[in-house]
Amino acid sequence: MPDKRSQPRKVCDARIDILDIETDQIIGNLVNISLSGFMMITTQSLPENYVFQFKISFESEGVGTQVIKVGAESLWVQEVEGSAQRWMGFHIIDISEADLAVIGTLIGDWRE
């Protein structure tokens, strides 16, 4: 199946938590990200085609903890065979220009 992404995803080599904005609980961990979407791995049972409000929290050298807020629609869920984990793909539908710039800086040196 051809890749329909408009921008390449960059692989996350560090542990970056994704939290629910309302509950402040960790929902999953970032696997890869682009300026328009991301994939996470989670043990949560979350629905497809649903809009979530997330915080992506990470440590930034010289800055400390940074938090990006995104509205994201879940596009697909794939269970990991033999595990309670699930891969989930999201399309970013709401993000501030400042947070978008932070993502661009964060992933600048990451591999595809």
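What follows is calculated from the coordinates using simple rules that are stated; it is not laboratory data. Everything quoted here is computed from the prediction, not taken from an experiment. Here the Cβ is made from the backbone with ideal geometry for all residues, glycine too, and neighbour counts use every protein chain on show.
Brief remarks on what is shown
- Length-normalised contact order of the chain in % [C-alpha pairs under 8 Å, at least 6 apart]: 26 percent
- Length gained when the stretch residue 21-residue 61 is fully extended (0.36 nm per residue, less Cα-Cα span): 12.0 nm
- Residues listed by number, the stretch 64-99, amide nitrogen under 13 Å from residue 105 label point at 7 Å toward C-beta: 64-68, 98-99
- Cα gyration tensor shape for the chain, rounded if a/c is under 1.5, else prolate or oblate: rounded
- Simple spin-label estimate for residue 45 and residue 93 in nanometres, 7 Å along Cα-Cβ: 2.4 nm
- Hz values of 3J(HN,Hα) by residue in the stretch 12-27 - Karplus curve (6.51, -1.76, 1.60), Gly and Pro given as x: 8, 9, 10, 7, 10, 7, 10, 10, 6, 5, 6, 9, 6, 8, 5, 9
- Panel order for 38, 52, by other beta carbons found within 10 Å of each beta carbon, from fewest to most: 52, 38.
- Cβ-based net charge around residue 17, under 14 Å, with every Lys or Arg adding one and every Asp or Glu removing one: 0
- Evaluated with a Cβ-only charge set (Lys, Arg +1; Asp, Glu -1), the stretch 10-106 carries a dipole of roughly 120 debye about its Cα centre, given to the nearest 20.
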